[in-house]
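To start, the structure under review is shown below, and the notes come after it.
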Amino acid sequence: MTTTTKYIFVTGGVSSSLGKGIIAASLAKLLQAQGYRTTIQKLDPYINVDPGTLNPYEHGECYVTDDGAETDLDLGHYERFLNVPTSQANNVTTGRIYQSVIEKERRGEFLGKTVQVIPHITDEIKHRIQILGKSGDYDIVITEIGGTVGDIESLPYVEAVRQLKWELGEHNAIVIHLTLVPYLSAAGELKTKPTQHSVKTLMESGVQADVLVCRTEHEISDSIRVKLARFCNVRKEAVIQSIDASTIYDVPNLMLEEGLDKVVLEQLQLASETPKLTVWNEFLTRHKNPKNEVVIGLIGKYVELQDSYKSILEAFIHAGAENEVKVKVESIHSEYLNADNIKLKLSHLDGVLVAPGFGERGIEGKIDAVKYVRENNIPFFGICLGMQMAVIEYSRNVLGLKDANSTEMDSETTNPVIDLMEEQKTITDKGGTMRLGAWSCDLMDNSIVSSVYGEETILERHRHRYEFNGTYKEAIEAAGMKATGLNPDTGLVEIVEIPEHPWFVGVQYHPEYKSTVANPHPLFVAFIKAALKHKNQK
Ligand code: GLN
């Protein structure tokens, strides 16, 4: 079989949470910076068809692509590192694999055969792995296999990798195995045994790792590298240390120092050169040498979990670097906010972001927060549910519609200023049925957004069922809150602003998904600039 696209599989062993996504994204960055068109894909072994139905407590944020896929948050890292959009094909779950195979079976496509894990499920996995490669858009496809080798759930994936490695041939597909080399402080030593066992487990499934990436808290000595190479059948240069970093954005440079890109390209028989990382390193310099600091309140209900608002936190890092400002994010639990403690909790902040979310829990606290920042001229940025809360707050406290609400929270309200979208009213299934993906939006002249974007029409990603109720548009605008972004086809209100306020912007979409190192999102950049201005005026 001839092939032009090269495949790199990233598996994990010993423990979960070793950061396979960051290693994959860092390697991709190094390959991209040498001119290779590179993409990354994540295969998740769980049975949900996509992570859209998962609570953020389970797997963190659900990341949304332009084509409307609800995906694993690792895809966010891929986009932030590579500055190339991902799509439905970049995230596949066991649920989706089985769904396709079962649908084919129902259509009679297996011609009376017994449908089995091997070959039918593994064939479907191999097909999904090669969709991106066969598109002709990429020289290299990196496939991250979720979970840990040895898990029952991962077995069909590891088997598909074994088959593909064989079918694609030597130098066309390689396996990078990420493991943990723990430090035993009582012995004062780094231990290689868990890695040896993990590589052995992979071999039991017929897969030999070509490169080992070893997560560690301490420098791995030469003798340990030799030992790992000997026990695991890899060359010494293919034992790569991945030491704890202060920021994920350091990892590409750390991998470059270790020569991960070189080893990989050599094994794929591709030429290597020095990666061009100018833009990346300029960002790092600005990120690490801030000239000022702003404190932003992030108001949400999943604040105890770093991963729940991953893209927002990363967008702050990009926007901070752009402004040469350190963005200190204070996570504030909206459930515990009320009119009595709001001043204590918010008055010192330079800006407030009210987060996206679903359901009733904690929303009154969000509304109190909007009221406080509106009345006290603190820069406000509302995203999705945050924008909806801003509309409710304005309707209640400025228009005097005391029971204004979203029908998501109170289906009986007499003033549904936020209401279920028309096309949502007949939908009963929960999975993949929200208003998803990129939709266009026309920006009004003389608004904050038109000057921030410098464009008349924008494309931003959505994930919601409820919307600004157009019936109230005239009254709300007359009272002072303006609809400054509208969907050109439906007239749906996508953006609201308050012109009398120094910086008050609510957006129905999720700008955080599109912020990358190379392209910090203009709204986040402008919000941080406004926060800095607010701080300097205090
Ligand atoms: N729950 C709201 C809706 O469905 C907001 C969703 C969000 O914040 N992503 O419209």
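The values are calculated or read from the model by the stated rules, or taken from the named source; none is laboratory data. Just so you know, these numbers come straight off a predicted model, no measurement behind them. With ideal geometry, Cβ positions are generated from the backbone for all residues, glycine too; neighbour counts draw on all protein chains shown. We work out accessible area using only protein heavy atoms, side chains counted, and drop any ligands, DNA or RNA first. Shrake-Rupley method; radii C 1.70, N 1.55, O 1.52, S 1.80 Å.
Quick check: anything in segment 459-469 at pLDDT 95 or above, more than 16 Å from the ligand (Cβ to nearest atom) and closer than 30 Å to Val49 by Cβ? Show your work before the answer.
Our first condition is that a residue be at pLDDT 95 or above; within segment 459-469, this holds for 459-469.
With more than 16 Å from the ligand (Cβ to nearest atom) added as a condition, the list becomes 459.
Next, from what is left, pick out any that are closer than 30 Å to Val49 by Cβ: 459.
Looking through segment 459-469, at least one residue is at pLDDT 95 or above, more than 16 Å from the ligand (Cβ to nearest atom) and closer than 30 Å to Val49 by Cβ.
Go over the candidates Glu512, Glu474, Glu497 one by one and state the one that is farther than 30 Å from Leu277 by Cα, open to solvent by less than 30 Å² (accessible area, probe 1.4 Å) and among the acidic types (Asp, Glu).
Glu497
Tell me, which residue of segment 242-298 that is part of a strand (DSSP E or B) and over 30 Å from Phe380 (Cβ atoms) is least open to solvent (accessible area, probe 1.4 Å)?
Ser242
Every residue in segment 7-22 that is within 30 Å of Glu273 (Cβ to Cβ) and open to solvent by 10 Å² or more (accessible area, probe 1.4 Å), please.
Leu18, Gly19, Lys20, Ile22
Looking at segment 350-367, which of its residues are more than 19 Å from Asp419 (Cα to Cα) and more than 14 Å from the ligand (Cβ to nearest atom)?
The answer is Asp350, Gly351, Val352, Gly365.
Kindly provide the set of residues from segment 374-403 that are more than 14 Å from Val493 (Cβ to Cβ) and either within 16 Å of the ligand (Cβ to nearest atom) or touching a Pro at 6+ places or on another chain (Cβ under 8 Å) (or both), ordered by number. I'd like the intermediate steps shown before the answer.
Taking segment 374-403 and keeping what is more than 14 Å from Val493 (Cβ to Cβ), we get 374-381, 383, 385-386, 389, 393, 396-403.
Hits for segment 374-403 are Asn377, Pro379, Phe380, Phe381, Ile383, Leu385, Gly386, Met389, Glu393.
Could you run through segment 132-155 and say how many residues are outside any strand (DSSP E or B), open to solvent by less than 30 Å² (accessible area, probe 1.4 Å) and either of a type in the set (Ser, Thr, Tyr) or over 21 Å from Ile23 (Cα atoms) (or both)?
So the count comes out to 2.
Of everything in segment 66-110, what is farther than 18 Å from Leu436 by Cα, open to solvent by 40 Å² or more (accessible area, probe 1.4 Å), under 15 Å from the mean Cα position of the chain (by Cα) and not aliphatic (A, V, I, L, M)? Give them in sequence order.
Once the filter is applied, which keeps residues that are farther than 18 Å from Leu436 by Cα, open to solvent by 40 Å² or more (accessible area, probe 1.4 Å), under 15 Å from the mean Cα position of the chain (by Cα) and not aliphatic (A, V, I, L, M), segment 66-110 yields only Asn83.
Scan segment 49-65 and tell me whether some residue there is in contact (Cβ under 8 Å) with a residue 24 or more places away in the chain, part of a helix (DSSP H, G or I), surrounded by fewer than 15 Cβ atoms within 10 Å (Cβ to Cβ) and in contact with a Phe, Trp or Tyr (Cβ under 8 Å, 6 or more places away or on another chain).
yes
Across segment 408-421, which residue is surrounded by the fewest Cβ atoms within 10 Å (Cβ to Cβ) among those that are among the β-branched types (Val, Ile, Thr) and more than 10 Å from the ligand (Cβ to nearest atom)?
Keep residues of segment 408-421 that are among the β-branched types (Val, Ile, Thr), which gives 413-414, 417-418.
Retained after the next criterion (residues that are more than 10 Å from the ligand (Cβ to nearest atom)): 413-414, 417.
On the way: Thr413: 17, Thr414: 10, Val417: 25.
Of everything passing the filter in segment 408-421, Thr414 is surrounded by the fewest Cβ atoms within 10 Å (Cβ to Cβ).
Which of the numbered conditions does Gln537 fail, given that it passes all the others? Conditions: (1) open to solvent by less than 20 Å² (accessible area, probe 1.4 Å); (2) more than 25 Å from the chain's Cα centre (by Cα); (3) of a type in the set (S, T, N, Q).
Among (1) open to solvent by less than 20 Å² (accessible area, probe 1.4 Å); (2) more than 25 Å from the chain's Cα centre (by Cα); (3) of a type in the set (S, T, N, Q), Gln537 violates only (1).
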